[in-house]
Amino acid sequence: MADIQSRITDLKYQFDTRSASLAQDPTDASICWTSSYSTPYYKDWCDTGRSLKAQYDAAQGRLKQEKANLEKMQEEIRRKGYGNAVYDPDWP
């Protein structure tokens, strides 16, 4: 899960950095749905943003699934009678 969280942080940083570097340009995301999209500059700009967003969403989905799997495993271990210290690293 730590790897996935790190990936999410990295993607968010890339997107924020990209947005900040393009802040001087009057381009906004709505250009991606106009005829100007087909010009190389806007196509690259829009496609990069879409790619980062898709990767971010996929990573969020994987993180959610991993958390659900962890909770399921912890519940199974708890039902087998093991104490919290065995399966919950945050337990004092």
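Counting only residues that are in a helix (DSSP H, G or I) and of a type in the set (Lys, Arg), which one in segment 61-84 is nearest to LEU11 (Cα to Cα)?
Here the answer is ARG62.
Restricting attention to segment 46-64, the residues being more than 30 Å from SER35 (Cα to Cα) and loosely packed, with under 12 Cβ neighbours inside 10 Å number 2.
Each reported figure results from applying straightforward, stated rules to the coordinates on display, with no laboratory input. As the structure is a prediction and not an experimental result, all values here were calculated from the model. All Cβ positions, glycine included, derive from the backbone under ideal geometry; neighbour counts span all protein chains shown.
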